[in-house]
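Structure first, commentary second.
Read-outs throughout are calculated quantities, based only on the coordinates presented, and are distinct from any laboratory measurement. For clarity, every value in this text was computed on a predicted model and none was experimentally measured. Please note: Cβ atoms are built from the backbone with ideal geometry, for glycine as well, and neighbour counts cover all protein chains shown.
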C-alpha cells in the first residue's frame, strides 16, 4: 500500500470509522476532546460526533494538531501540504444502498451557504451534498443528505488548498429503504464494502499532495527569507504555515524580487506582513 502520511480522515461516529481505522492501522493518540487516531506513517483521523458544529470543531482540532506536529521546529518550513477526506453514510432519494458519491457541491441547508469542491478525484459519481440539522426523511431533491460535510468543509479549507478537501458519502437509506432500517451493523458493512474505494481516494489525494509539494518546494533563498521573518516578528503556528505558502507562491510565479522587497519593509506585526504579501499577490 502507498504510504498515505499526508491524509486526514474525518468521520461522524465510530461505526463509520471502525473498518477504516483497522484497514489503515490507525491507533488512538488523543482522547481529550475528540478521539484522534494516527498510524506510524503519519495518516490521521478524527471522530467528530454528529452535526455541523461538532464536525466543524473536531476538524479544526485535528487541523491544529497537524500544524503543531508539523512545525515543532520553528524553522522547519518544509511542512508538507495535507489532504482531507470526510467519509460517512448518507441518504439519497433513488440511489442504491451502498452507492458512493463524491461531493461536487456542499449546501448547508440551515444557513444557505453553498461551496463547490475542486474535482480532482476519479472513479466515483459526483453529487450535490446537503448538510441538514436532522435526518432527512423526504429527500426533496436529487441530492445526498447528511449532517456533517458543511461543518467539515468550513474548517478543513482553513488548513490546506481547496483541491485537497474532499467528501465521500455512501448511501445508507433512500425512499425504498428508510433511515429507520439503518443499523450500526449496516453502517460498518457499508463502509467495509467501500474500503478499496476509500483507499483509492486516499492514494489519489496523497499523489496530488506529493506533486504539489514537489512543485512548491522551497529553495535556500526562500528559506532564508522565512527565517528572517520569523526572527523579526512573532508568528502563531497558523501564521507560519500562511507565510510558507505565500513564499512558495511568490517563488512559483517568479516574483522573488517583489517578495524580498516586501519582507525587507518594517511592519507592526506578522499579521500586517502576511496581509501585505497576500494583497500584493492578489494584484498580480
> Is the stretch 112-164 best put as rounded, prolate or oblate by its Cα gyration tensor, with a ≥ b ≥ c the root eigenvalues, rounded for a/c under 1.5, and otherwise prolate when a/b is larger than b/c, oblate when not?
Replying inline: oblate
>> Which of 55, 203, 150 ends up with the largest GNM mean-square fluctuation for the chain, with Cα atoms connected below 10 Å?
In response: 203
>> With volume of the Cα convex hull per residue in Å³ as the read-out, I listed (i) 160; (ii) 137; (iii) 233; which label goes with the value calculated from this structure?
In response: (ii)
> Between residue 220 and residue 22, what is the label-to-label distance in nm when each label sits 7 Å out along the Cα-to-Cβ direction?
Replying inline: 5.2 nm
> Relative contact order of the chain: what whole-number percent is it, with Cα pairs under 8 angstrom and at least 6 residues apart?
Replying inline: 20 percent
> Just from its helices, what would the mean residue ellipticity at 222 nm be for the chain, if runs of 4 or more DSSP H residues each count -39500 (n - 2.57) and the sum is divided by every residue, rounded to the nearest 500 deg cm²/dmol?
Replying inline: -13000 deg cm²/dmol
> What shape does the stretch 220-282 have by the C-alpha gyration tensor, where a ≥ b ≥ c are the square roots of the eigenvalues, rounded means a/c under 1.5, and otherwise prolate means a/b greater than b/c and oblate the rest?
Replying inline: rounded
> Rounded to the nearest 5, what is the percent of antiparallel bridges among the DSSP beta bridges in the chain?
Replying inline: 35 percent
> Where both residues lie in the stretch 90-208, what percent of DSSP beta bridges are antiparallel, nearest 5?
Replying inline: 35 percent
